[in-house]
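Some notes on the structure that comes next.
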Amino acid sequence: MAAPKSETVGPLVGAVVQGTNSTRFLVFNSSTTELVTYHQVELVQDYPKEGWVEQDPKEILQSVYECIEQTGQKLAKLNVDASAIKAIGISNQRETTVIWDKFTGEPLYNAVVWLDLRTQTTVEKLSKKIPGNNNFVKSKTGLPLSTYFSAVKLRWLLDNVQKVQNALDEGRLLFGTVDSWLIWNMTGGTNGGLHCTDVTNASRTMLFNIHYLEWDKELCSFFEIPMSILPTVLSSSEIYGKVSQGVLEGVPISGCLGDQSAALVGHMCFQEGQAKSTYGTGCFLLCNTGRKCIFSEHGLLTTVAYKLGKDKPACYALEGSVAIAGAAARWLRDNLGIIDSPQEIETLAKEVGTSYGCYFVPAFSGLYAPYWEPSARGILCGITQFTNKSHIAFAALEAICFQTREILEAMNHDCGIPLSHLQADGALTQNRVLMQLQADILHIPVIKSTMPETTALGAAIAAGAAEGVEVWSLKTDTLPNIKVEKFEPQINTTESETRYATWKKAVQKSMGWVTTESPESRDPILFSTLPLGIFIVSSMILLIGARCISGI
């Protein structure tokens, strides 16, 4: 992917992309948007208990430093001095919650990842405090009360990790999403590091008023979170500070966007009604609604899309979030062992060209948009003796496409104007079977960028365009065109509708699997505490019932 030496001209801009499964540092030519070189480091997640997902904040930070160092070495091999990099942008996994000691710089707990479900009980307790006729949380934040967002993760940490509460009592505690953790460390850490975030990341915490673009006292009071531990909120494009060490020492960090907002900017969706879908660990469809906050009536989120400068207006977006997309392929590899690499899913799916009636609902973390149903769990249904791993692989790809269609339909209802095409990006867009399936299931063309690093490009654009850097123009007529590939629908509408209707049946069957009932109250333990006579009678009734049902 590295450019020829002769084409490496003009100011360069770097982009940190800190994702759920990997960290990358990429360098772009600001004159051409061409990717010059990059380095990537894979990350691991920890699953201490069922439904818990954690990462080591220090490993995340070290991966960023490693990527920057290795990219600097690759630039040197291209005879490019790292001093050509004039700014750095940061894009990050959103909602993932980090808490640390501002005096020592040490994390006080692992990062609680956006997919984590441990806070369901916290959510249920909080939901009882919201007046039925005045959901002030959603009206201020654009978000439903869910395990997804940072505030409930932070509330859980304060309630359950004593050293976090101690640090708060002693005035040592800082909270942030991953961008805040990175910026604080990269600008000096305990030696003057800047504790800040941007409006897009702040809007995913459930503590931020998206109308006034500031932390909300009522929300902080509701979640019982002191405002003193929150980062300063800035725009998505301004100089926050300078890198304090390493090969890029002295380079300004001047762009910051949550990953999905960064992808929207990378697609240059600056006009109202333009939309993109990013296919990564999850799948996220965002539609630019301009300066208007449009509140969904169909299960979508209202979020801040970007604010590209201190004195620039904020633009908003409607968002549909799917928790499991690329993560389904990794599950087939790591948990079932039916593929050796996530890329192999395309080969298997292509072999059969159909799921043969098999449907997969990957509700590993419940269902996100448009259902917001935490009780759902993954199911594989419609299987027969004929079903094999290739059919399951095809069904996994179809599941991504069906979930995207559900979101797109909700977005069309909310916006009132159906999308005529869908712009796509992310690692999974390299899977041509998936892209064709998506066009077939949506009945509209899918337009894939031939440069998959759209998220990184968005972070670089924000950084390069910042006041005081200004090596990247945001004027529409000066923005270079990015090459695309178009996938047109190839199946008839009837077939697509039939498959989609069956998928919807499968989704309904996935719901209601999990309750908040404690394990101690479930049947096996209940039976063990029953008096023996009652247990025997109960067993006889069950046996008689079983015989009647079976016709014996």
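The values are calculated or read from the model by the stated rules, or taken from the named source; none is laboratory data. The shown structure was predicted, so the numbers you read here are calculated from the model rather than taken from an experiment. Cβ placement follows ideal geometry from the backbone for every residue including glycine, while neighbour counts extend to all protein chains displayed. All accessible areas refer to the heavy atoms of the entire protein, side chains included, with ligands and DNA or RNA removed. Shrake-Rupley method; radii C 1.70, N 1.55, O 1.52, S 1.80 Å.
Can you tell me which of (1) open to solvent by 60 Å² or more (accessible area, probe 1.4 Å); (2) in contact (Cβ under 8 Å) with a residue 40 or more places away in the chain; (3) more than 21 Å from the chain's Cα centre (by Cα) is the one residue 84 doesn't meet?
Residue 84 satisfies every listed condition except (1).
Looking at (1) part of a helix (DSSP H, G or I); (2) open to solvent by 50 Å² or more (accessible area, probe 1.4 Å); (3) of a type outside the set (Asp, Glu), which one does residue 313 not meet, given that it meets all the others?
Residue 313 satisfies all of (1) part of a helix (DSSP H, G or I); (2) open to solvent by 50 Å² or more (accessible area, probe 1.4 Å); (3) of a type outside the set (Asp, Glu) except (1).
List pairs: first residue in the stretch 247-266 and farther than 15 Å from residue 199 by Cα and modelled with pLDDT of 95 or more, second residue open to solvent by 20 Å² or more (accessible area, probe 1.4 Å) and of a type in the set (Val, Ile, Thr) anywhere in the structure, Cβ distance under 6 angstrom, at least six positions apart or on different chains.
Qualifying pairs under 6 Å: 252/239.
Filtering the stretch 55-81 down to residues that are touching a residue at least 60 places away in the same chain (Cβ under 8 Å), in contact with a helix residue (DSSP H, G or I) (Cβ under 9 Å, 6 or more places away or on another chain) and not hydrophobic (A, V, I, L, M, F, W, C), which residue is farthest from residue 183 (Cα to Cα)?
Checked the stretch 55-81; the qualifying residue farthest from residue 183 (Cα to Cα) is 79.
Can you find even one residue in the stretch 476-499 that is at pLDDT 80 or above and in contact with a Pro (Cβ under 6 Å, 6 or more places away or on another chain)?
Checking the stretch 476-499: at least one residue is at pLDDT 80 or above and in contact with a Pro (Cβ under 6 Å, 6 or more places away or on another chain).
Can you tell me which residue in the stretch 96-153 is farthest from residue 294 (Cα to Cα), limited to those that are open to solvent by 40 Å² or more (accessible area, probe 1.4 Å) and of a type in the set (Phe, Trp, Tyr)?
Checked the stretch 96-153; the qualifying residue farthest from residue 294 (Cα to Cα) is 103.
Given the residues 29, 92, 79, which is the only one that is open to solvent by less than 10 Å² (accessible area, probe 1.4 Å) and either charged (D, E, K, R) or more than 25 Å from the chain's Cα centre (by Cα) (or both)?
Within the list 29, 92, 79, the selection yields 29.
Listed residues 243, 178, 199; which is within 23 Å of residue 265 (Cβ to Cβ) and more than 18 Å from the chain's Cα centre (by Cα)?
On inspection, the qualifying residue turns out to be 243.
Picking from 69, 59, which residue would you name as being more than 30 Å from residue 121 (Cβ to Cβ), open to solvent by 10 Å² or more (accessible area, probe 1.4 Å) and part of a helix (DSSP H, G or I)?
Of the residues listed, the single one that is more than 30 Å from residue 121 (Cβ to Cβ), open to solvent by 10 Å² or more (accessible area, probe 1.4 Å) and part of a helix (DSSP H, G or I) is 69.
On the given criteria, is residue 467 outside any helix (DSSP H, G or I) and modelled with pLDDT of 85 or more?
yes
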